[in-house]
Structures are given as structure tokens and as C-alpha cells.
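Below you'll find the structure, written out as C-alpha cells, and then a few comments.
The values are calculated or read from the model by the stated rules, or taken from the named source; none is laboratory data. On a predicted model such as this, the values are computed, not experimentally measured, just so you know. Here the Cβ positions follow ideal geometry from the backbone for every residue, glycine too, while neighbour counts run over all protein chains shown.
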Amino acid sequence: MKKVFLIVMVLITGFVLASCGGEDTGDKIVIDFWHMSPVGSPSFSGMKAIVNDFNESQDEYFVRGTGFSFWDYWDKINVAIASRTAPDIGLSTIDDVEARAQSGALYNISELIAADTSDAPLELDEFRQSQKDFATFEGDLYAMPFSATTRVLYYNLDMFTEEGLTEADVPTTWDELKTIAKQFDIVEGGQLSRLGFDPTYGNATYHGWLWQNNLDFFDENKLPTLNTQAHVDVLKWIMNFNNDFTRNQLTTFGEGNQLLGINPFASERVAMIVEVDGLYQIIKDAGATFNYGVAPIPIPEGGTRVNWGSGFSLEMYDNGKNETAERDGAFLFYKYLLSKDIQIRLAEVNGWIMSHISAMEDYVEGNAILEKLLAEVNYAVDKVYIPYAPSWHGNDWQPYYNEALSGTMTAEEALAAARANYLQKKQNYDAVNS
Amino acid sequence: MTKTISIQKLKKRENLMGYLFASPWLLGLIVLGMFPIIASFYISFTNYDMISDPKFIGFRNYEILFTNDGLFWQSLGNTVYHVVIAIPLGIIVGVSLALLLNNKIKGMSIYRTLFYLPNVVSIVAMALLWLWLFQPNFGIINDILDPIYKLFKMEPLRWHQAVETSKITLIIMGLWSAGGSMVIYLAQMQDIPNSLYESAEIDGANWIKKTIYITLPLMTPSIFFNFIMGLIGGFQVFTIAYIMTSGGPSRSTYYYAYYMFDKMIADQAMGMASAMAWILLVIVLIMTMVALRLNKYVVYLGEEA
């Protein structure tokens, strides 16, 4: 009995150890690539096929793709970069490439391009200069734009038709936006059941509205502004947009949206919303049957047509181990991922708008909504990287924004408090970085 | 003589075996526990963004936190408030539950299991559940309280969404898991010799007197244990605020550990976050030492023979 038990244990151990072996890469040099299509996600098989196709074309290199969900990805990549165990290639946010480039975590892409003697070089002209600028540090590229996010106004065409409006009536200015939005508001039994528009819903941000007014959070020296009357006016416009309803009505309506767990535009509770291009995919996946369209976000009088971009960057990580063979192989795969055909496939797989210009022009052709989304990418701008407050638009600003929106602070108080917080952060940052 | 040596040898061998068996755990403690602790102590004296190498800056992080960081004091204040209210409340509820469940009625083990059950639930799941229970407009708690609101002609409470009630809401929620400490109270309660109650009964003591003069004094060691554990845990409060309130409204539930997390993740200031961790350790250490000093005055450890 003892013997049988021992044999079984040895066999089990053997199987377990054998199964740890992973893919057979032969003598090939392994390139690690981290993406956001984990096992079980709808984009997994598509992403795997893209990696496999590259591997089949290769005798020298083998790409090992690892997918993490969007929410897990950031912690993983940051820890990996910090511990010098980053993958050879990975995605990140394009607006803070500068920080990673400065610390030496990234390969200089410009140098790799210059040293590339192959007959298939990286098509630099196919990527927007505005995006490449964000990937540039001290004159050299340290990353490439991978995807191109944009924000637009989505409008429910069925609701427009009900109100006797057509696409020609889609608002283009702030004044029109307010006038038209008010036509869609519905109050039933003292509670809101539909809202035309709210400047805080979806992916509309205070900095986005500021940009349209030719204003910003920070000046060219990266010092917080926020203390002008114009900043106050924009915040007040946001706060007062729906002030014909009580705070309780608006809160209850907002909580109702949360309860549904679906975007309020997709659930037809708002007639118009500012959202990212990804909402197109969400509506498609949800099987929504209503007619809708997209348009540029309305701008104020004398304002600028601009929207917040926030795309992904494709980066090659230098773990300081002098891995030239891995670097060269990674650059091959890097060019492959940024090539026209693969960028189209990536768009199909992930539902993202990719950064390759002509690839996307081909991809969106014949799809009215995608065409308009792509057109807005040309007006997309990324947020600036502030070393002393990397999360300036999130953690640092949101508490004050919420105070203003909930009425616990006036617009002036919220902006002054936020500005004081940025200044203190800067002071403290300078004190440890001098 | 030879016998003594062999016993010593045996003892040595036994010690060695002991260490050998404990070695996986010891190794884990040193590699996964001690190293990060020592590293974080060093990092707290550096400026470290988690990408480039840490730069030594002496006590600068500590100096900034104490002298030029409003959020440090605000978050510490929020945490102290939480600890001061949550620990006594937790003890009261835990002891009360234990008193109620220290009965010999039918199905008692089922009740005990039911009250302990919340401790098995993941804190994230628990927070999400309570988020909906406390929801001011659609939540069941306000639904139940509706007649009371009407009686007193008051606005329904906005629980975790209002500055005035947010902290207390999270504390009330935390009481749901008081069953954990209850088990410890119950174990000690059942250790109390029956003879004490019997003699008290002969003297004519009722249930209240027996509880005050016998049960509670004899339970002080476990109350003290739960007090210390609550103190340590209370200063680390994070998850419920992270999930339910995001530190709001108006940063009223922005606890110390939450600020420390933001310092690390959002501000990429690992040095500063490590300094915060060590300050917290010192605070908890001092509080615990003070509590241990009080030990001999409040804890009944049996009569000296």
C-alpha cells in the first residue's frame, strides 16, 4: 500500500513539474509582450492570433504574449518597471512617457529607428505629430502612439426625431447645447426620468471644458492657474447647467443610472453625452437598438474645437541588463505591431481606434460613426504630465470638483482650495527633488 | 554522566529538528516579511518614484509630512476618530453578542455560526453589499427607517454620502463583523467556573449582577486582547472607504492608510509613503505600549495564591 501511494505521489509530482514547462520555444530568443487581452476576454483569441502570426514568420525570435485586464495592468507594469523585470514590450499611457524616459526605463526608439537598416522601417509619417510629441523626451522618441482615444458628443437620434429635430439641429455651441438639451428633460412624479445633457456625465471633464475655452489647469511653467474669473465661470457653467432641478432630483437620477450599471446614454436615460470612442463598442456589445450619431463636442463662443485624447503608448523596456538580442527582436515585433495591417487587426480585435493614420482611414470606411470618431482624433489633445501631481486630474482635483458640484463649496472656494493643494504639492516635490 | 550528555545531545537534535521544520516559515518571514520592512525603513529616508533609483534625503519626508502637508493631519484625524468610536463600539457589540449566545438553548450553534458568518465574507463583497443597503434613495435601510423619518418629519439620512454621517456609517458597517471577536469572548466566557455563578446565586445575585461582578471581570483578558487587535486594525482602515466612499464626501472618510496608498500609487512618492507607514507604526506602537501599561489595572489575571 505504501509503495502504491509513493508511486502515485511521484507520478503526480512528475505531471505537475512537466506541466510547468510552458511553450516550447526551442532555441529562439524569447520576447515578452504584455497587453490587455487576458484569457477569457473577447479580444484574447484575436490578440493571440496576431502574436502567433508573428511567431510563425520567425526563426530567431519567439514572442510570449501575456494579457492582463485593464484594471490589473497598471499595477503590474509599474511594479515590473520598478523592479527591472518589465517585459520587452508593453503598453502604457502616452502622457507620462517623459517620466519613464527620464528615469532610463525605456529604450530610445529614435536610436533604434536610426540603426534600422531593414527594408521595412517604421512608418513614422503615419502617426500624428501631436501624439508623437507626447512620446518625445529631449528630442528623441522613447515610445510610439499605439491607440488614439477621442471624446465626442453622442446624441440619441430617435429622441431627436420624437422632438421634431433632425441631425441638422445637433448642437455645435454651448448656447445651443443648453437650449436643445432642455427639450429632452422629463420629470415624472417629481423625479427626473430623462435628462437632455449634463456636463459632468460620461467622460466630460472640467479640464476638457477649460481647454475649449482656451484655458488650462497649468501654465507653461507647470504652475497651477485656476485662479482667474474665466476658470470660475466655466465651473459655474457646469454647476448651473441643470439648476432648474433640485439637487435631490439630480442625485436620485444619477444614482438611478448607477443602479442600472450601464452607461446612461446606452440605457436611453440621457439624450446626449460626452463619451470616449469606446462607447460605440459598448452600445454595439449591449445590442442596443436605438439610432444615434456622434458629433464634435459643442464649443463656447470664441472657443477651440478640442477634446481630451489619452491614448496608449507602445514602449520597449530597458531593464538595464544589456539584452541586445532581446532588444533587436523586440524592435522587430514593435514594428510589426505598428504596421498598417496589424493596426487594422488590432482595431478589429479590441474595438479601439489605433494610431496608424491610413490604417484607420481604411478601417472606418463606410461606417458613419467610426468615420466621425476618427475625424475627432485630429482634435484630440493629451493632458500634460505634472511631475509633482501625476494624478492632477484625478485624485488631486476630484475631491474639490465634488465639493463644488455637491454645493459644499462655491466655485471660487473649490478652485482656490485645489490651487493651494497643487502649490503645496509642488513645494513638497521641489523640497525632495532639489 | 554519559546519560546527561546523551540527553543534551537529544535536546540539541530536537532543537535542530524544530528549526528545520519551522525553516520554510522562517525563510518566508525573512524574505517576504523582514526584507520589505527593512527596505521600507531605508526607502522612507529617500526620494523614490519607483522607476529611478532612490535618492537619500535624510529626514526630509518626515519633516514635510509633519510641517507642510494638510492632508496628512486631516487623514490622521479621520483615522483617530474612526479608532476612538469603532473600538469601544466593537467591544460593546461583541461582548453583548457573546452574552446573548452564551445560553443553552436549542440551535445555539446555528446562531453562533450565523453571527460569525460575516467574517468569512470578503471585505470587498461586504462593502459592495452595504453600499446598496445604505443607498439613500433605493437602499433597504432608509426604506425600513421611513416611518421614523416621517414621524420626526426629518429628511432621510444620506449615510455614507453626507459629511456628517459618513464616518459613523462605515463604523456601523464594520460592526457587522463583530462576530469575529465574539467567538473569542464566548470561548473565555465558557471557561468561567460554574462554581462562581452557583455561589453568587446562593448569595441571591441576579443575571445582571452575575454579569457585572463575575462574567465581565473574568473576561477582561479577552476584551483587552480584542482592544489591542482593534487598535492595530483600526489605524489601518482602508478597504471600506476605498470601495464605498472613495475617501469622500469632502474627504471625510479619507483615512491615513488611504492617503498612504495615494502617495504611493497616484503621486508615485514611495519614499513619502514609506515614511507614512513608519509614522503609523510608531503611533500604533505607542498606543499599544500605553495600553499594555494599563494592562495590570484593568485586566483581571486571577488572585495571587
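Which of (1) basic (Lys, Arg); (2) at pLDDT 90 or above; (3) within 21 Å of the chain's Cα centre (by Cα) is the odd one out, the single condition A:Lys284 does not satisfy? For A:Lys284, the failing item is (2).
Within the range A:153-198, track down each residue that is of a type in the set (Gly, Ala, Ser) and within 21 Å of A:Pro296 (Cβ to Cβ). Give the derivation first.
Initially, the range A:153-198 is screened for residues of a type in the set (Gly, Ala, Ser), giving A:164, A:168, A:181, A:189-190, A:193, A:196.
Once the filter is applied, which keeps residues that are of a type in the set (Gly, Ala, Ser) and within 21 Å of A:Pro296 (Cβ to Cβ), the range A:153-198 yields A:Ala168, A:Ala181, A:Gly196.
Are any residues in the range A:223-250 under 27 Å from the mean Cα position of the chain (by Cα) and hydroxyl-bearing (Ser, Thr, Tyr), and if so, which ones? Correct list: A:Thr225 only.
Restricting attention to the range A:246-279 and to residues that are without any contact (Cβ under 8 Å) to a residue 60 or more places away in the chain and in a loop (DSSP other than H, G, I, E, B), the residue that is farthest from the other protein chains (Cβ to nearest Cβ) turns out to be A:Ala266. Scanning the range A:61-111 for residues being over 24 Å from A:Ile386 (Cβ atoms), part of a helix (DSSP H, G or I) and facing chain B (nearest Cβ under 10 Å) gives a total of 0.
For the range A:280-304, give me the residue count where each residue is outside any helix (DSSP H, G or I) and among the aromatic types (Phe, Trp, Tyr). Working first, answer last.
Restricting attention to the range A:280-304, the residues satisfying the condition of being outside any helix (DSSP H, G or I) are A:287-304.
From what is left, the residues that are among the aromatic types (Phe, Trp, Tyr) are A:290, A:292.
Residues flagged as outside any helix (DSSP H, G or I) and among the aromatic types (Phe, Trp, Tyr) within the range A:280-304 amount to 2.
If the requirement is being more than 24 Å from A:His393 (Cα to Cα), in the same structural domain as A:His393 (by TED's automatic domain parsing), loosely packed, with under 13 Cβ neighbours inside 10 Å and in contact (Cβ under 8 Å) with a residue 12 or more places away in the chain, which of these qualifies: A:Asn291, A:Asn214, A:Asn243? Please lay out each step first, then the result.
Numbers: A:Asn214 fails: more than 24 Å from A:His393 (Cα to Cα); A:Asn243 fails: in contact (Cβ under 8 Å) with a residue 12 or more places away in the chain.
Matching residue, one of A:Asn291, A:Asn214, A:Asn243: A:Asn291.
Is there a residue in the range A:366-385 that is closer than 16 Å to A:Asp216 by Cα and within 12 Å of chain B (Cβ to nearest Cβ)? Looking for residues that are closer than 16 Å to A:Asp216 by Cα and within 12 Å of chain B (Cβ to nearest Cβ), one finds at least one in the range A:366-385, hence yes.
Scanning the range B:61-95 for residues that are closer than 17 Å to B:Met260 by Cα, β-branched (Val, Ile, Thr) and either surrounded by fewer than 19 Cβ atoms within 10 Å (Cβ to Cβ) or within 13 Å of chain A (Cβ to nearest Cβ) (or both) returns B:Ile64, B:Thr67, B:Val80. Whenever a residue of the range A:394-405 is facing another protein chain (nearest Cβ under 10 Å) and among the small types (Gly, Ala, Ser), its partners that are outside any helix (DSSP H, G or I) and surrounded by fewer than 21 Cβ atoms within 10 Å (Cβ to Cβ), lying with C-beta atoms within less than 7 angstrom and at least six residues away or across chains, give the pairs A:Gly394/B:Ala266. Checking each residue in the range B:36-60 for being closer than 20 Å to B:Ile283 by Cα and at the interface with chain A (Cβ under 10 Å from one of its Cβ atoms) picks out only B:Arg60.
Would you confirm whether any residue within the range A:394-402 is of a type in the set (A, V, I, L, M, F, W, C), within 19 Å of B:Tyr254 (Cα to Cα) and buried (at least 21 other Cβ atoms within 10 Å of the Cβ)? Yes, some residue in the range A:394-402 is of a type in the set (A, V, I, L, M, F, W, C), within 19 Å of B:Tyr254 (Cα to Cα) and buried (at least 21 other Cβ atoms within 10 Å of the Cβ).
Residue pairs whose Cβ atoms lie under 7 Å apart, sitting 6 or more positions apart in sequence or on different chains, and linking a residue in the range B:100-116 that is closer than 18 Å to B:Ser181 by Cβ to a partner that is among the basic types (Lys, Arg), are B:Leu101/B:Arg112. Note on the range B:248-268: among residues that are free of Cβ contacts under 8 Å to residues at least 12 places away in the same chain and in a loop (DSSP other than H, G, I, E, B), the one that is nearest to the other protein chains (Cβ to nearest Cβ) is B:Ala266. Checked against the criterion of being over 20 Å from the mean Cα position of the chain (by Cα), buried (at least 16 other Cβ atoms within 10 Å of the Cβ) and in contact (Cβ under 8 Å) with a residue 40 or more places away in the chain, the candidates B:Met189, B:Met182, B:Met244, B:Met173 yield just one match: B:Met189. Of everything listed in (1) crowded, with 19+ Cβ neighbours inside 10 Å; (2) more than 14 Å from chain B (Cβ to nearest Cβ); (3) part of a strand (DSSP E or B); (4) touching a Phe, Trp or Tyr at 6+ places or on another chain (Cβ under 6 Å), the single unmet condition for A:Val30 is (1).
Please indicate, with yes or no, whether at least one residue in the range B:136-159 is out of contact with any Asp or Glu (no Cβ under 9 Å at 6 or more places or on another chain) and in contact (Cβ under 8 Å) with a residue 60 or more places away in the chain. Checked the range B:136-159: no residue is out of contact with any Asp or Glu (no Cβ under 9 Å at 6 or more places or on another chain) and in contact (Cβ under 8 Å) with a residue 60 or more places away in the chain.
Highlighted here are the helices (runs of 4 or more DSSP H) found entirely within the range B:165-242 that include at least 3 residues which are among the aliphatic types (A, V, I, L, M): B:179-189, B:194-202, B:216-235.
Let's see how each residue does on (1) of a type in the set (D, E, K, R); (2) surrounded by 19 or more Cβ atoms within 10 Å (Cβ to Cβ); (3) not assigned by TED's automatic domain parsing to the domain that holds A:Ala99:
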residue: A:Lys321; (1), (2), (3): yes, no, no
residue: A:Asp328; (1), (2), (3): yes, no, no
residue: A:Leu338; (1), (2), (3): no, yes, no
residue: A:Asn350; (1), (2), (3): no, yes, no
residue: A:Asn367; (1), (2), (3): no, no, no
residue: A:Glu371; (1), (2), (3): yes, no, no
residue: A:Glu376; (1), (2), (3): yes, yes, no
residue: A:Ala417; (1), (2), (3): no, no, yes
residue: A:Asn421; (1), (2), (3): no, yes, yes
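Kindly indicate which of A:Phe331, A:Phe312, A:Phe290 is over 24 Å from A:Lys383 (Cα atoms), in contact with a Leu (Cβ under 6 Å, 6 or more places away or on another chain) and of a type in the set (Phe, Trp, Tyr).
A:Phe331
Could you look through the range A:410-434, keep only residues that are of a type in the set (A, V, I, L, M) and within 12 Å of chain B (Cβ to nearest Cβ), and pick out the one that is farthest from A:Asp233 (Cα to Cα)? If we take residues in the range A:410-434 being of a type in the set (A, V, I, L, M) and within 12 Å of chain B (Cβ to nearest Cβ), then A:Val432 is farthest from A:Asp233 (Cα to Cα).
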